[in-house]
Amino acid sequence: AIPSRRFVAIFCGSGAGKSTLMDALNGLRPAQKGAVLYNGQDYYSHLAAFSTQLGYVPQDDIIHRELTVERALYYAARLRLPEDFTEKQIKERINEVLDDVEMRHRRGLLVSKLSGGQRKRVSIALELLANPSVFFLDEPTSGLDPGLDRKMMLLLRKLADKGHTVILVTHATNNINACDYICFLCQGGRLAYFGPPNDAKTYFGKTDFAEIYSSLEPSEENPKIPEEAEIRFKQSPDHARYVD
């Protein structure tokens with residue numbers, strides 16, 4: 001369960017199922033078994049009702065590169081906002097989302113002229129137009145330098161503090177303390193940990209997150225590491241506190 005207005009990061013090695021999990025949660029690829037509940041309601045039975053409440057920023061940019069930032073947001077607003085929104089209201093909403101992602105000073109630039117980090121911010125602004133309550137991001141900091149990675153994580157922290165529930169898939173662990181909770185998955189989509197970032201190091205007995213990654217990988221000597229990690233977490237006080 002993910003509480004509202006929280007910032008949650010999902011970690012795992014390649015092929016462990018993080019994108020599959022994210023797509024099951026956001027409805028892009030509904031799960032074949034089990035259920036996803038939003039506010040106690042079955043999401044798959046009410047996809048249309050929840051569609052405006054969810055935002056999703058995929059790994060690849062979703063903005064037209066030959067438009068200016070403002071124009072790209074304007075067309076997206078016409079498509080996503082209610083039909084009775086006036087031109088003035090649309091302009092106000094564009095100003096709000098540009099402020100949210102700190103890109104107001106770049107509004108007149110062509111998207112193609114922006115840096116990778118700036119394009120990612122505009123992609124986030126695009127999804128913020130409809131003011132979603134739950135916000136999914138697939139590796140938003142991939143390819144960014146450490147300084148931009150930190151800026152992006154602090155931006156997402158700010159969005160959570162403003163009332164959005166933010167869920168991201170990431171490999172980057174440098175600025176993970178910006179999150180409220182982290183979720184470690186190991187191969188097979190098995191849950192090895194869910195809880196606050198600082199408690200994870202104590203739980204795994206490691207000094208940094210890279211060591212946690214390594215400790216969850218199955219080896220030739222012990223191919224059952226993922227299963228054992230899942231069982232251990234289910235029996236832990238952390239599972240009782242943060243999952244049960």
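The values are calculated or read from the model by the stated rules, or taken from the named source; none is laboratory data. This one's a predicted model, so the numbers in the text were calculated from it and none came from an experiment. Don't worry about glycine lacking a Cβ; one is built from the backbone with ideal geometry, like all the others, and counts go over all protein chains shown. The area values use the complete protein model at the heavy-atom level, side chains included, leaving out ligands, DNA and RNA. Shrake-Rupley method; radii C 1.70, N 1.55, O 1.52, S 1.80 Å.
With respect to the conditions (1) at negative phi; (2) open to solvent by less than 80 Å² (accessible area, probe 1.4 Å), ARG241 lacks only one, and its number is (2). Only residues that are of a type in the set (S, T, N, Q) and either in contact with a strand residue (DSSP E or B) (Cβ under 8 Å, 6 or more places away or on another chain) or open to solvent by less than 60 Å² (accessible area, probe 1.4 Å) (or both): list them for segment 197-236, please. Hits for segment 197-236 are SER215, SER219, ASN222, SER236. Report yes if ALA130 is modelled with pLDDT under 90 and open to solvent by less than 80 Å² (accessible area, probe 1.4 Å), otherwise no. Yes, satisfied.
Just for segment 1-30: of the residues that are surrounded by 11 or more Cβ atoms within 10 Å (Cβ to Cβ) and either without any contact (Cβ under 8 Å) to a residue 12 or more places away in the chain or of a type in the set (Phe, Trp, Tyr) (or both), which one is farthest from GLU127 (Cα to Cα)? In this case the residue turns out to be PHE11.
Within segment 174-184, the set of residues being in contact with a Pro (Cβ under 9 Å, 6 or more places away or on another chain) and open to solvent by less than 40 Å² (accessible area, probe 1.4 Å) comprises ASN175, ILE176, ALA178, CYS179, ILE182.
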